[in-house]
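In what follows, a single structure is set out as structure tokens and then discussed.
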Amino acid sequence: MGGLMDGDANHGKAALPGHRARRWAVQRQKLIPYVFIAPNIVLFTTFSFLPLIYAFYISFHDWSLIGDPEWLGIHNYTRLVRDPLFWQSLRNTLVYALSTVPTSMAIGLLLAMALNRRLPGRTFIRSVYFLPLVVSAVATGTIAAWMFNENYGVINAALVQLGLGRISWLSNPAWALPSLAVATLWVRVGFNMVVYLAALQSIPAVYYEAAKIDGASGLSQFRHVTFPLLAPATFLLLILNVIHSFQVFDLVYVMTGGGPGFSTTMVVQYIFKSAFVTSEMGYASAMGVALYLIILVFTAIQWRASRQSESAL
Amino acid sequence: MIKTPTPTIARRTLLGTAAATMLSTGRLARAQSPVTLNMTVWGAAAEEAAFNAAIAKYKTLHPDVTIRMEVNGNAMQAYQQVDTRLAGRQAPDIFRVQYQQVGRYASARAVVDLTQYVDVKDEADFAPAFWQAASYKGKPYAMPHHTDTFALYYNRDMFEKIGVVPPTSLDKSWTWVEFLDIARKLKAAGAPYGFAMSWQNAAFRWLPFLYQHGGQLLSTDLAQSNITSKQAVETIAWTQSWFREGLVPPSTSVKSSEQPQNLFANGTVGMLMAGDWQIPFLSKNMTKYNWGVTYMPRDVAMASDLGGNCFAVSRDSKRPDIAADFVKFLSNPENMHDFVSAAQFLPVRKSLMGVKLPYALRPDAMEVFVAQSATIPSHLVSTVTLPNFSKMNAALTDQLDLAFTSGQDATATAQAIDQQVRAVLAV
């Protein structure tokens, strides 16, 4: 990169008087970063930002996707506030987030600490935990649905072998959400483990040596050295996991389809249903905007908190 | 492609009709320069193979036309894709569509009115019920391609064990009471569950039970909701009792991702209410048991489900004339004959309806489906082909699932459906 720029600068020098050439070179240097981010900006604008603006526009319309949009004003938003199913889907999403985020982070941290030691085959074990994340969520969802299948699934077969009864994992409203949460743990733990593993490896060994000299036990080393130094990673994971939980769709779509009843209908599930089953693209967009605002607020709070904690460190 | 070993008179007659149809339309739609048309479908392996055979045949007649077929996993995914592409004005030229969905596309002018491409004489060969189902405000917006319906599959070995002989003619079909008694007997004899119903997320398949009990979703003029009637509430309660009594697996409710045909194939249930298109799957996978097909149970009336699909030409097609010609080609007597025989469906042309078709698999079972298809109520057809029916279907799906899985009582279920159906009718 440097060589190329030098060459260009020399070329400029030959053609222009000295100070103008220098100014041109400075301008160029300022321009170069924009050239590098341009493809990303163009793609982001086309496929994320413009659709986002368009979704906001559509949320004020009645649109079946295959016909022409009709102006509705704020009707979709007043309907949303009064729609018990929207609130139920939001509640389901919150319960799902609360049951999967702390647990998947805690298990991820435990695994990371276990695999941070010299163990035989640790690369293999790390890969095994990470694997569900790189496989398509539809495939993991299908496998999870088979495992939880109450008639021929492996989990119920194991329960029967142990002399226990079958459980209607995916067709009992009380069990469906826990089953989804367990399947989510299987997928998400690997990601949390890898991030924590990287963070653990960046903690200098001298802190532990100093702690040992001061006579700190294993537990107090974790409490006073490891955990505080992992704070930036913890904040990052918290934001990413919460956003992921609010956007969960594929796993639910494959495993339960939002049922039984509405017990596993998440916000994105309801958005999809409104958009493609009942052809209410305007209402679906209004819910999309609401979800956008929720995630935005949460991200802002977390971001502030993480910056404060970083400056406190 | 499946061929009869010795062509019958009927087959020869329809080959003649096909040739005449092709001669009359072939010139009209011949492309001047190479044309490529996109076609979106869904379907099982047997259907895909039958479509490919028809495409290859069209190519030999019109070498300058290429049909590119895109296959989706199921109808729902295909609609999602077609709708999104319609919004982007890039819809496929031709797409497969259920009778229930034609009105939705036609009312939004998303598909082409086929009137100018249809030959009146040829139109007369289609059974009126299907022609009307593919029409909107009296004009054809899709070409009927085939139909299918539901009947009752049973595990022959289990039936021998409990000493039950299934009905051999439509008029002897079991009553609701007899049917549930047999389900209980199967369970008592060791089957984990008596039976399962293959909803596949389409609660409109519940409507035949409602008609069997003398009810209907909408009033006779289709203008009012009729779902809070005594018959409707009783039908909800009856179907709910299957779950309450443990006669069906809890995982076979409307929204479940369970594939009930797996449960029938592996002996978890002794009977399965499902469509004729499950025959290829069961012939291949139900290896431990023998199976047969009998008629749907009935109450005060007989009724079964309106299934099947048509083909429509999208408004985005740049060559609707050629697309319409191909759609007509798919539904011509010879190709309809070949498709339904190979993929186990029922024809929608009068000239094929009385004909013994050379079904590739289990012609004995197909005879039951053919007889059962005569019991599809015409009011049911009018109801499910309304342009807004998909919204009513969503209400049925949600509320019946709550009744079957979450203990919502029958009256509350009927009232919740009623509220949503009224809202749809009010628009």
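Read the figures in this text as sums done on the coordinates, not as results from a lab. Note that this is a predicted model, so its numbers are computed, not measured. No Cβ is skipped: glycine too gets one built from the backbone with ideal geometry, and neighbour counts run over all protein chains shown.
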As a test of the formula, what do you get for chain A when each DSSP H run with n ≥ 4 contributes -39,500 (n - 2.57) and the sum is divided by the residue count, at 222 nm and rounded to the nearest 500 deg cm²/dmol?
-23500 deg cm²/dmol
From the convex hull of the Cα coordinates of chain B, what is the mean projected area in square nanometres?
19.9 nm²
Determine the relative contact order of the range B:282-427: mean sequence separation of Cα pairs under 8 Å and six or more apart, normalised by residue count, in whole percent.
22 percent
Taking the convex hull of Cα positions in the protein assembly as shown, its mean projected area over all directions (nm²):
44.3 nm²
To make sure I understand, if each residue's beta carbon is the centre and we count other beta carbons within 10 Å, what order do A:Tyr57, A:Tyr34 fall in, fewest to most?
A:Tyr34, A:Tyr57
Any idea how far the Cα center of the range B:261-286 sits from the one of the range B:194-246, in Å?
23 Å
Name the residue from B:Val370, B:Ala395, B:Thr413 whose Cα lies farthest towards the positive end of the charge dipole of the range B:349-416, charges +1 on Cβ of Lys and Arg and -1 on Cβ of Asp and Glu.
B:Val370
On each of the three principal axes of the Cα atoms of the range B:275-427, give max minus min coordinate, whole Å, ordered largest first.
51, 49, 30
FRET efficiency, B:Thr60 to B:Ser283 (Cβ-Cβ, R0 30 Å, nearest 0.05):
0.45
Would you list which lysines come within 19 Å of B:Lys391, measuring only between C-alpha atoms, while excluding same-chain residues fewer than 8 positions from it?
A:Lys273, B:Lys255
Over the whole of A:151-158, what's the average partner chain Cβ count within 10 Å per residue? Rounded to a whole number, please.
2
State whether the range A:150-194 is rounded, prolate or oblate according to the following rule on the C-alpha gyration tensor (a ≥ b ≥ c being the square roots of its eigenvalues): a/c under 1.5 gives rounded; otherwise a/b larger than b/c gives prolate, and the remaining case gives oblate.
oblate
Cβ-Cβ FRET estimate between A:Phe44 and B:Glu367, R0 fixed at 45 Å, reported to 0.05
0.15
Evaluate peptide B:245-255: per residue, the Cβ atoms of other protein chains within 10 Å of its Cβ; return the mean as an integer.
4
Only Lys, Arg (+1) and Asp, Glu (-1) charged, at Cβ; the protein assembly as shown dipole about Cα centre in debye:
1840 debye
So for chain A, using the alpha carbon gyration tensor with a ≥ b ≥ c as root eigenvalues (a/c under 1.5 gives rounded; past that, a/b versus b/c decides prolate or oblate), I'd call it oblate
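Working from the pairwise distances between different alpha carbons, so that the mean of 1/r is found and then inverted, what is the range A:18-119's Kirkwood radius in Å?
It is 19.9 Å.
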Among A:Ile74, A:Ile239, A:Leu197, whose Cα lies farthest out toward the positive end of the dipole of the protein assembly as shown, if unit charges sit on the beta carbon of Lys, Arg (+1) and Asp, Glu (-1)?
A:Leu197
Calc'd 3J(HN,Hα), the range A:127-142, phi into Karplus 6.51 cos²θ - 1.76 cosθ + 1.60 (θ = phi - 60°), Hz, glycine/Pro = x, comes to 4, 4, 5, 7, 3, x, 6, 8, 7, 4, 5, 5, 5, 5, x, 5
GNM on chain B, C-alpha springs below 10 Å: top fluctuator among B:Gln259, B:Gln212, B:Gln344?
B:Gln259
Of all DSSP beta bridges having both residues in the protein assembly as shown, the percent classed as antiparallel (nearest 5) is 65 percent
Between B:Arg85, B:Arg104, B:Arg298, which gets the highest mean-square fluctuation from a Gaussian network model of chain B, Cα cutoff 10 Å?
B:Arg85
So how strong a dipole does the range B:158-301 carry about its Cα centre when Lys and Arg Cβ are +1 and Asp and Glu Cβ are -1, to the nearest 20 debye?
360 debye
At what distance in nm do the modelled label points of B:Thr36 and B:Glu245 sit from each other, each positioned 7 Å from its Cα along Cα→Cβ?
5.8 nm
For the protein assembly as shown, the charge dipole (Cβ of Lys, Arg +1; Cβ of Asp, Glu -1; about the Cα centre) points to a positive end, and the Cα of B:Ala127, B:Thr149, B:Gly267 closest to that extreme belongs to B:Gly267
Enter the mean number of other protein chain beta carbons within 10 Å of the beta carbon of each residue in B:384-394, as an integer.
2
Amide proton proximity set for B:Asp409, modelled H, under 5 Å, gap of 5+
none
Give me the orientation-averaged projected area of the Cα convex hull of the range B:195-318, in nm², one decimal.
10.9 nm²
Considering amide H positions built from the backbone, and no H for Pro or chain starts, which residues 5 or more places from B:Gln224, or on another chain, come under 5 Å of its amide H?
B:Ser219
Using helices alone, what [θ] at 222 nm do you get for chain B, with -39,500 (n - 2.57) per DSSP H run of 4 or more residues, divided over all residues and rounded to the nearest 500?
-14500 deg cm²/dmol
Rough spin-label spacing in nm, given labels placed 7 Å along Cα→Cβ, for B:Ser169 and A:Leu240
7.1 nm
With label points built 7 Å along Cα→Cβ from the Cα atoms of B:Asp409 and A:Gln161, find their separation and express it in nm.
4.5 nm
Given H placed 1.01 Å from N in the peptide plane, which residues other than close sequence neighbours of B:Thr66 have an amide H under 5 Å from its amide H?
B:Val35, B:Thr36, B:Leu37
From zero outward in steps of 5 Å, how is the percent of C-alpha pairs of the range A:250-313 spread across the bins?
4, 16, 17, 16, 15, 10, 9, 7, 5, 2, 0
For the range A:163-313, with only Lys/Arg (+1) and Asp/Glu (-1) charged at the beta-carbon, what is the dipole magnitude about the Cα centre, in debye rounded to 20?
140 debye
Give me the net charge of B:Trp199's neighbourhood, meaning all other residues with Cβ under 12 Å from the Cβ of B:Trp199; Lys, Arg count +1, Asp, Glu -1.
-1
